[in-house]
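The values are calculated or read from the model by the stated rules, or taken from the named source; none is laboratory data. These numbers come from a predicted model, not from an experiment. Note that we place each Cβ from the backbone using ideal geometry, even for glycine, and neighbour counts take in every protein chain shown.
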Amino acid sequence: MKANILLIIIFLLTACSCEKEILSYSKGDIKIEIETGEQWLHDFHLFLGISKKNSPQFAVWIEDTAGNYISTVFVTEKTATEGWIANKGNRRKEALPYWCHQRGVVYDDGLLLPTKENPLPDGITGASPKADKELQISITDFTEPMVIKAEFNHSVDFNDFFPENAQEGDDNYSGGEMGSGQPAIVYAVTIYPNQQQAYLKLIGHSSIDGSDGMVYPDLEKLTTSKSIIKQISTVIIK
């Protein structure tokens, strides 16, 4: 970690199109704008043919250019608090495995996911938004480049390559009946102090079953998950 990068997360909020709150930015702040894609909302089947529109689980965090984790900017509440309703005891390690491994915090059961007993603080968590989201970061001593990464995942967005009936141990097993379906997708960008705006690029997908912290560049077997995000931009306020 570069000692001369000091990051202070001020506050984060959902900026929905219907009830958008105007954020107050200061010089040097970083604005992250997540624009939702056509697959942001996904049908999650409940029972008797009833389903609801679910938004994805996701995390946004900062690393140095050597790949060292610095700080989480935002993570959705279910992941941050083990707030799953229909998981049947499944801790959902396949949901956001890359963020979990980069963060590197091991909990009592040996997994890298926060628990009900040890959740992440409210300041960096929030409900999964139904529309676009805006995040604000206030920093000091931004003199070296840093990397902003984001990971997104829908539950049960199965396709022909990642089917619901895949069995544990299969190469395409993603958590079973209530699991991940297509693996989480990862975006990243390196930003520089003298830069005005930059866009995160899709760099690959996470571990299919959540067993490792790698990013896999092969995207050919992904279908709808590539349309969860329209774009993610960062703007340094001058």
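Structure summary
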| read-out | value |
| --- | --- |
| Among the candidates Glu151, Glu177, residue that is part of a loop (DSSP other than H, G, I, E, B) and acidic (Asp, Glu) | Glu177 |
| So Val189, is it in contact with a Lys or Arg (Cβ under 9 Å, 6 or more places away or on another chain) and either under 18 Å from Ile62 (Cβ atoms) or modelled with pLDDT of 95 or more (or both) | yes |
| Residue in segment 35-50 that is nearest to the chain's Cα centre (by Cα), counting only those that are modelled with pLDDT of 70 or more and not in a strand (DSSP E or B) | Trp40 |
| Residue in segment 162-170 that is crowded, with 19+ Cβ neighbours inside 10 Å and farther than 28 Å from Ser71 by Cβ present | yes |
| Complete set of residues in segment 117-134 that are outside any loop (DSSP other than H, G, I, E, B) and within 20 Å of Gly83 (Cβ to Cβ) | Asp122, Gly123, Ile124, Thr125, Gly126, Lys133 |
| Options Pro163, Pro145, Pro121, Pro129: the member that is under 30 Å from Ala198 (Cα atoms) and more than 18 Å from the chain's Cα centre (by Cα) | Pro145 |
